[in-house]
């Protein structure tokens, strides 16, 4: 039943939760001393579930580079969602850190296995969504921001360590979810074509939908 692997995954997840709570405290979203409050428990529970999904998408915990990259996404998902919803911005400190960690893991994986062609594969498939997002920043006239593009860079590298398909499907799922939300707002007349809303949460949701269903 892989009890030992699951025990390690849970312990690692609980330890890594401190990163999530630190990011929330720095953003004035949750005081560090209140991590045991009901709000802290919900945030911790969601983050731990995502962390375990990252390590065990097929039901068995693994600690390879693709799983660890997804685990890094898990740790920043809730902070980025809450910050973007409140401020409609995605902090460089977090998005650049995610990108750096994903690149480090991809590089170390290539160094360990000797498969440097695999690293170029990761970079190529990650570059496609990034280029697309940069074009969207140019043509959307503020609808898509550079923060979104930086987030996609980190998500795409993390996804591409698993597969090129995941890198593309993650972005596609994010746009689909964001588009459906915008359509609902328009139909219910809660927004118009000029209404801006935080797009980062949908990019993150798209990553997790793709990670579970479209790998």
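No lab work stands behind these numbers, since they all come straight from the coordinates. What you see is a predicted model, and the numbers here were worked out from it, not measured in a lab. When we count neighbours, we look across all protein chains shown, and the Cβ atoms used for this are built from the backbone with ideal geometry, even at glycine.
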>> Can you pull out every residue in region 178-208 that is assigned to a helix (DSSP H, G or I) and in contact (Cβ under 8 Å) with a residue 60 or more places away in the chain?
In response: 200, 201, 204, 207, 208
> In region 116-143, how many residues are exposed (fewer than 12 other Cβ atoms within 10 Å of the Cβ) and closer than 24 Å to residue 191 by Cβ?
Replying inline: 4
> Which one is farthest from the chain's Cα centre (by Cα) among residues in region 77-92 that are in contact (Cβ under 8 Å) with a residue 12 or more places away in the chain and over 16 Å from residue 149 (Cβ atoms)?
Replying inline: 86
> So how many residues does region 42-56 have that are crowded, with 18+ Cβ neighbours inside 10 Å and under 13 Å from residue 207 (Cβ atoms)?
Replying inline: 2
>> So, residue 73, is that one surrounded by 23 or more Cβ atoms within 10 Å (Cβ to Cβ), within 20 Å of residue 171 (Cβ to Cβ), in contact with a helix residue (DSSP H, G or I) (Cβ under 9 Å, 6 or more places away or on another chain) and free of Cβ contacts under 8 Å to residues at least 40 places away in the same chain or not?
In response: no
>> Can you tell me which condition residue 57 does not meet? The list is (1) closer than 21 Å to residue 97 by Cα; (2) touching a residue at least 60 places away in the same chain (Cβ under 8 Å), and all the others hold.
In response: (1)
> Consider residue 175 against the criteria (1) part of a helix (DSSP H, G or I); (2) touching a residue at least 40 places away in the same chain (Cβ under 8 Å); (3) within 27 Å of residue 27 (Cα to Cα): it satisfies all of them except one. Which criterion is unmet?
Replying inline: (2)
>> For the list (1) crowded, with 21+ Cβ neighbours inside 10 Å; (2) within 25 Å of residue 49 (Cβ to Cβ); (3) more than 15 Å from the chain's Cα centre (by Cα), I need the number of the one condition that residue 181 fails.
In response: (1)
> For region 54-81, how many residues meet the condition of being assigned to a helix (DSSP H, G or I) and more than 20 Å from residue 106 (Cβ to Cβ)?
Replying inline: 4
> For residue 98, all conditions in the list (1) over 16 Å from residue 163 (Cα atoms); (2) in contact with a helix residue (DSSP H, G or I) (Cβ under 8 Å, 6 or more places away or on another chain); (3) in a loop (DSSP other than H, G, I, E, B) hold save one; what is the number of the exception?
Replying inline: (3)
